[in-house]
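Inspection log for the structure reproduced underneath, given as structure tokens.
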Amino acid sequence: MKKMLINYLRNRNFDENSITLACHGFDIFINDWLNFILIIIIGLITRTVLEALLFYIFFAFLRCSTGGYHSDTKLKCIITYGSIYFIFTLLLKIQFFNFIMINLVLTILSVLLILALSPVQHIHNPLSQHEFQINKKKSCWKTISIFLLYLLLMILDNPLYAVFSIILIYTVILILIHRKTKNYLEVNLYDN
């Protein structure tokens with residue numbers, strides 16, 4: 001399919017930079033769909049489709065502002081994403097999230113770490129200071145919004161609070177892993 005896209009764009013006289021950008025966008029689209037389908041399949045198998053949809057939507061909502069670890073291949077990305085969600089569903093099934101105090105502490109710790117450490121940057125995709133500040137603000141309000149949903153559901157004794165907890169915990173794990181990789185770009189906000 002990618003070759004068909006390249007041929008189509010070349011026949012329409014698109015320059016190589018535009019073709020490269022379109023191919024990158026196509027790769028991201030395919031990867032996102034594969035991740036979505038995998039999460040839904042896991043949700044169907046484990047009877048957690050609603051949880052799967054909430055996880056997928058809110059994790060993507062938060063992740064686009066916080067940054068975090070990216071696998072070096074598409075296959076590793078899909079396997080990592082699916083594995084993390086599968087582990088989450090196992091934790092749901094054994095009712096790990098019913099240990100309210102442990103869950104609350106982990107979730108609050110995750111929120112604090114996300115607020116302190118995000119956004120993280122990839123060395124090949126640095127942000128300008130302006131973009132960094134915008135993503136910092138977005139990641140803060142998105143994190144706080146998800147945390148408030150978590151608290152509301154917990155107060156209402158709705159078990160879906162666990163979905164929002166795992167989104168925050170998973171996000172901070174990806175941020176911390178990325179900070180330890182060679183692709184992490186340290187930001188000095190005091191440089192002009």
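The values are calculated or read from the model by the stated rules, or taken from the named source; none is laboratory data. Note that this is a predicted model, so its numbers are computed, not measured. All Cβ positions, glycine included, derive from the backbone under ideal geometry; neighbour counts span all protein chains shown. Quick note on the areas: whole protein, heavy atoms, side chains included, nothing else; ligands and nucleic acids left out. Shrake-Rupley method; radii C 1.70, N 1.55, O 1.52, S 1.80 Å.
In the context of the full set of protein chains, the chain has a per residue accessible area of 61 Å² (1.4 Å probe). The modelled label-to-label distance for the pair L160/E131, using points 7 Å beyond Cα in the direction of Cβ, is 3.4 nm. Stretching the chain fully between L115 and I45 yields a gain of 21.8 nm (0.36 nm per residue, less the alpha carbon separation).
Which shape class, rounded, prolate or oblate, goes with region 26-115 when its Cα gyration tensor gives a ≥ b ≥ c as root eigenvalues, a/c under 1.5 marks rounded, and past that a/b bigger than b/c marks prolate? Note, shape of region 26-115 comes out oblate. Modelled spin labels at L151 and K180, positioned 7 Å past Cα toward Cβ, are 3.1 nm from each other.
Coupling constants for region 145-154 follow from the phi torsions by the Karplus curve (6.51 cos²θ - 1.76 cosθ + 1.60, θ = phi - 60°), and in residue order they are 4, 5, 5, 5, 4, 4, 4, 4, 5, 5 Hz; glycine and proline get x.
Hey, if you put +1 on the Cβ of every Lys and Arg and -1 on every Asp and Glu Cβ in the chain, which of Y8, I94, C77 ends up farthest toward the positive end of that dipole? Of the candidates, Y8 comes out farthest on the positive side. Around the amide H of T181, modelled in the peptide plane, lies no amide H under 5 Å away from a residue 5 or more places distant or on another chain. Note that region 19-33 has calculated 3J(HN,Hα) couplings of 5, 4, 4, 5, 5, 4, x, 4, 4, 5, 4, 5, 4, 5, 5 Hz, one per residue in order, obtained from phi through the Karplus relation 6.51 cos²θ - 1.76 cosθ + 1.60 (θ = phi - 60°); glycine and proline are x.
A cut-off of 5 Å between modelled amide H atoms, ignoring neighbours fewer than 5 places along the same chain, links Q121 with L185. Ordering K2, K74, K136 by accessible surface, largest first, gives K74, K2, K136; the 1.4 Å probe counts only protein heavy atoms, with every chain in place.
Ordering R63, R10, R179 by accessible surface, largest first, gives R10, R179, R63; the 1.4 Å probe counts only protein heavy atoms, with every chain in place.
Its Cα gyration tensor gives the chain an equivalent ellipsoid. The semi-axes, each the square root of 5 times an eigenvalue, are 32, 23, 13 Å from largest down. Rounded to the nearest Å, what's the spacing between the alpha carbon centres of region 94-151 and region 162-179? Just the number, please. Value for the Cα centre distance between the two parts: 7 Å. Expressed as a whole percent, the accessible area of region 1-115 that falls on carbon and sulfur atoms is 72 (1.4 Å probe).
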